[in-house]
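The values are calculated or read from the model by the stated rules, or taken from the named source; none is laboratory data. On a predicted model such as this, the values are computed, not experimentally measured, just so you know. Glycine gets a Cβ as well: all are built from the backbone with ideal geometry, and neighbour counts include every protein chain shown.
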Amino acid sequence: MKLHMNHWMKVAAMIAIIASIAVTGCKKKIVDPFPASGAIADWQKTSETRVFAAKDLWQYIDGDAEQYISAGVVTTSTSDYKYQGKLEAVVDVYTMNDASGAGKILETGQTKDAMTVQLGDAGVAYSQSVIFRKGASLVRIIAYESTPNAQQALLALAHGVEAKL
Amino acid sequence: MSNRRDFLKSAATGAVLLGSQSQLGLAAIVDKHADASKPKVVIARDAALHGTDGQLDEKRVADLLDRAIATYTSHDKPVDSWKHIVPVGKVIGLKVNGLGGKGISTHLALILAVCERLQQAGVKPGEIIVWDRNERDIQACGLTINTDPSRIRVFGSDVSGYEDAQDSFGSAKIKLSKILTRECAMVINLPILKDHSMAGVTFSMKNMYGVVDRPSDLHGTGCNPAIADLNCIPAIREKVRFTIGDAIASVYQGGPGFHPEHLWHPNALIVGEDRVAVDHTAWQIIERKRAEVGLPTLEAANRPPRYITTAADATHQLGTNDPQRFRLAEV
């Protein structure tokens, strides 16, 4: 009888371990793509991260929401940053259903002066903004002012975000 | 107030009309035989509004505002002009637009200039409310929240709340901000000119999406007829009487959000009572810029601002989109 109990206890334990592994393995990796203050030289994170579900995205970007919803946005996270205590910027991370949605947004609205940059799967930079995609994530980083070093500073921050995705 | 409104409609007789001074190339659409009974739209422009360092010159913004209002009212002195625009002893709302974030929101310099002129015209600080949807939008305009009634109040509809009862006109079934319904006797509309991914153009009439509880419900079919319907809601139609449109900076593509790669500086204010004529004029400015940079027309981009035509139709009668039926002055 004792042997019988031990056998069933071992079986139950194995099932629990297998189930635990299966559940853990199925969980999506929870990612915080926003570098903390000081993680990237001279950049400070100046706001809490705000997260919008697709149905609430209009609260953040009004009519812009539609193009992201059409491309399969799931959630949008945003946070403010400041460079050297002066240059203000915002980082938006759009998590799409799949990489094609991120690609669709990236390709929309590019202008002739877009400079291709090595970021994620594809990316472009302008004097005041950097946009790139990595997997199902689409990242847009915008500075509110045009300064001589804005683009380099934004690219540094973008690499910090990319590393966390 | 009706007398003051009448004045605004009739006082523009001596205004400087478009001619060789036109800098935006819109002279061709002006009725050369100006008729004082026609509504009027003024575009005031200052190419040096942004200095060589790219910074906005606040003093020049105030001067530009004075020029726009003086042209509109035919009064040389700004205080005299404003006295004929706003009622005394009533609460005046300034509906700004901070939706696009810090890069493309109603400029603080313009808001402050309007507040200053209102006070010089006899409006007490506590009778002025600067407002938008919420604290974030207000902060995007460079303002901080203040609910102290002894000073100029600055707060959003997230503080005041929305009416419980629904208002409706056509497709617009909404709840209005209590700032509009309960606080303000008159609202001066201070939108910022932008391309809009759905409506085509956002300016005077579209800014009213910021006075309702669920603007997301009004975005179908290019926001048409929703924008026109919304502006026919009595509280909006009757209280929002004057537009001082911010075209100091604008985005000609990618709006309504801030896309610095599509940012440009028209360095202008667009002023008028006829919200349809104002929006029609703003649309032409966006189209000219798009053509200049080689972008297709909004019609070709499949997002013409059809709501402007709808707003002028017999059902809505919000104003005119016929350039022959309004006077355009550019100074």
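General remarks:
- Within the stretch A:32-57, being small (G, A, S), more than 24 Å from B:C223 (Cβ to Cβ) and within 12 Å of chain B (Cβ to nearest Cβ) holds for one residue alone: A:S47.
- Residue match in the stretch A:58-70 (condition: over 25 Å from B:G200 (Cβ atoms) and within 14 Å of another protein chain (Cβ to nearest Cβ)): no
- Any hit, the stretch B:243-257, residues being modelled with pLDDT under 95 and out of contact with any helix residue (DSSP H, G or I) (no Cβ under 6 Å at 6 or more places or on another chain): yes
- Given (1) away from every other protein chain (no Cβ under 14 Å); (2) free of Cβ contacts under 8 Å to residues at least 60 places away in the same chain, index of the condition A:K164 fails: (2)
- Residue that is nearest to the other protein chains (Cβ to nearest Cβ), among those in the stretch B:248-273 that are outside any loop (DSSP other than H, G, I, E, B) and either without any contact (Cβ under 8 Å) to a residue 60 or more places away in the chain or among the hydroxyl-bearing types (S, T, Y) (or both): B:E261
- Residue ID - farthest from B:H265 (Cα to Cα), chosen from residues in the stretch A:103-121 that are of a type outside the set (D, E, K, R) and facing chain B (nearest Cβ under 10 Å): A:T108
- B:S81 meets the stated requirement of being closer than 27 Å to B:V130 by Cβ and either surrounded by fewer than 18 Cβ atoms within 10 Å (Cβ to Cβ) or at pLDDT below 95 (or both).
- Qualifying positions in the stretch B:232-247 - among the small types (G, A, S) and either within 14 Å of another protein chain (Cβ to nearest Cβ) or more than 14 Å from the chain's Cα centre (by Cα) (or both): B:A235
- Just one residue in the set A:V124, A:V130, A:V90 is at pLDDT 95 or above, more than 10 Å from every other protein chain (Cβ to nearest Cβ) and either within 21 Å of B:G101 (Cβ to Cβ) or in contact with a helix residue (DSSP H, G or I) (Cβ under 7 Å, 6 or more places away or on another chain) (or both); that residue is A:V130.
- Answer residue from the stretch A:44-60, given it is of a type in the set (A, V, I, L, M, F, W, C) and touching a helix residue (DSSP H, G or I) at 6+ places or on another chain (Cβ under 8 Å) and is modelled with the lowest pLDDT among those: A:W58
- Residue match in the stretch B:276-297 (condition: away from chain A (no Cβ under 14 Å), of a type in the set (D, E, K, R) and in a loop (DSSP other than H, G, I, E, B)): no
- Qualifying residue in the stretch B:75-97 (condition: assigned to a loop (DSSP other than H, G, I, E, B) and under 30 Å from A:A143 (Cα atoms)): yes
- Each residue in the stretch B:161-218 was checked for being among the small types (G, A, S), part of a loop (DSSP other than H, G, I, E, B) and crowded, with 20+ Cβ neighbours inside 10 Å, and 3 pass.
- Residue among B:S216, B:S197 that alone is without any contact (Cβ under 8 Å) to a residue 12 or more places away in the chain and touching a helix residue (DSSP H, G or I) at 6+ places or on another chain (Cβ under 7 Å): B:S216
- A:V73 vs. criteria touching a residue at least 60 places away in the same chain (Cβ under 8 Å) and within 14 Å of the chain's Cα centre (by Cα): no
- Qualifying residue in the stretch A:58-68 (condition: surrounded by fewer than 16 Cβ atoms within 10 Å (Cβ to Cβ) and without any contact (Cβ under 8 Å) to a residue 60 or more places away in the chain): no
- The criterion of being among the acidic types (D, E) and in a helix (DSSP H, G or I) holds for B:D137.
- Number of positions in the stretch B:84-105 that are more than 14 Å from chain A (Cβ to nearest Cβ) and touching a Gly at 6+ places or on another chain (Cβ under 7 Å): 2
- Just one of the listed residues (B:G98, B:G89) is under 30 Å from B:V212 (Cβ atoms) and crowded, with 22+ Cβ neighbours inside 10 Å, namely B:G98.
- Qualifying residue in the stretch B:287-301 (condition: polar (S, T, N, Q), more than 26 Å from A:Y68 (Cα to Cα), out of contact with any strand residue (DSSP E or B) (no Cβ under 8 Å at 6 or more places or on another chain) and surrounded by fewer than 24 Cβ atoms within 10 Å (Cβ to Cβ)): no
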